[in-house]
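First the structure, in the form of structure tokens, and then the observations on it.
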Amino acid sequence: MAGHVNSLHDQVAQQLRDLIFAGELSPGAFVDETRLCEQLAISRTPLREALKVLTAEGLIRHEPRRGCFVNEVTEQDLDDIFPVIALLEGRCAFEAAQQASDADIAALEGLHRQLEDSAAQGRIPDYYAANYAIHEAIIAIAGNKWLAQVISDLRKILKLARLQQLNAPGRLNQSLSEHMAIFAALKARDAEGADAAMRTHLTRQREALRQLTRQHISRVAAVTTELNQLGVAT
């Protein structure tokens, strides 16, 4: 019976993650337990157990006497997380360079061809998919379950932020260049080079996101100024 309860709240936790990542439960939103119980056809017990899991992951925050809310990722959060994930994924690249078989390198080569094709044709969703597959492949090749677990936890927080760093001007080609540098180091079994290239890649992602944030703030300020000039209250 305990196994059934555990599996149920694990399923509910995944359903909640799906709702959050799909935007149906948006950052800052109140988690309405009554509505969710009806929507998911479950009782309060597995829902509350699932909420504890998501709170531990950082996707949900619990406020005493108010309830649960979907977490909001701040710029400070991103500044804190990116250096950590850069170190972790850099270490994965280091270990992958040491562990990679010829078959692993051949598989990575195929993924990088997909990445190049997507970039050449400007297919951003396909580029994101190939990019994700490459990062996952490198983590798998490294074979370090502890690194994989911590990276997975941090990625959930980054996913919550709905990051679209490839929208920054010039970022697509820059990202491709960074990936090819990582792959070259892996192919050469250059562990330190792969580590450095991966850390550079993640650091530049953060820089691209910061650039997008500045652009957004500038656009909002320009629109606010224009509305004020027109006498429209903001």
Just a yes or no: is a residue in region 34-50 outside any helix (DSSP H, G or I) and touching a residue at least 40 places away in the same chain (Cβ under 8 Å)?
no
Restricting the search to region 143-195, which residues are in a helix (DSSP H, G or I), out of contact with any helix residue (DSSP H, G or I) (no Cβ under 7 Å at 6 or more places or on another chain) and of a type in the set (Gly, Ala, Ser)?
SER152, SER177, ALA184
Which pairs turn up if I take residues in region 73-95 that are at pLDDT 95 or above and look for partners that are of a type in the set (S, T, N, Q) with beta carbon separation below 6 Å, at least 6 apart in sequence or on another chain?
ALA86/THR203; GLU95/ASN144
Of the numbered conditions (1) buried (at least 18 other Cβ atoms within 10 Å of the Cβ); (2) touching a strand residue (DSSP E or B) at 6+ places or on another chain (Cβ under 7 Å); (3) assigned to a helix (DSSP H, G or I), THR55 satisfies every one except a single condition; which is it?
(1)
Just to check your reading of the model, which residue among ARG113, ARG65, ARG61 is loosely packed, with under 13 Cβ neighbours inside 10 Å, over 18 Å from the mean Cα position of the chain (by Cα) and not in a helix (DSSP H, G or I)?
ARG65
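The values are calculated or read from the model by the stated rules, or taken from the named source; none is laboratory data. Quantities reported herein were computed from a predicted structural model and do not represent experimental measurements. All Cβ positions, even for glycine, are placed from backbone atoms using ideal geometry, and neighbour counts span all protein chains on display.
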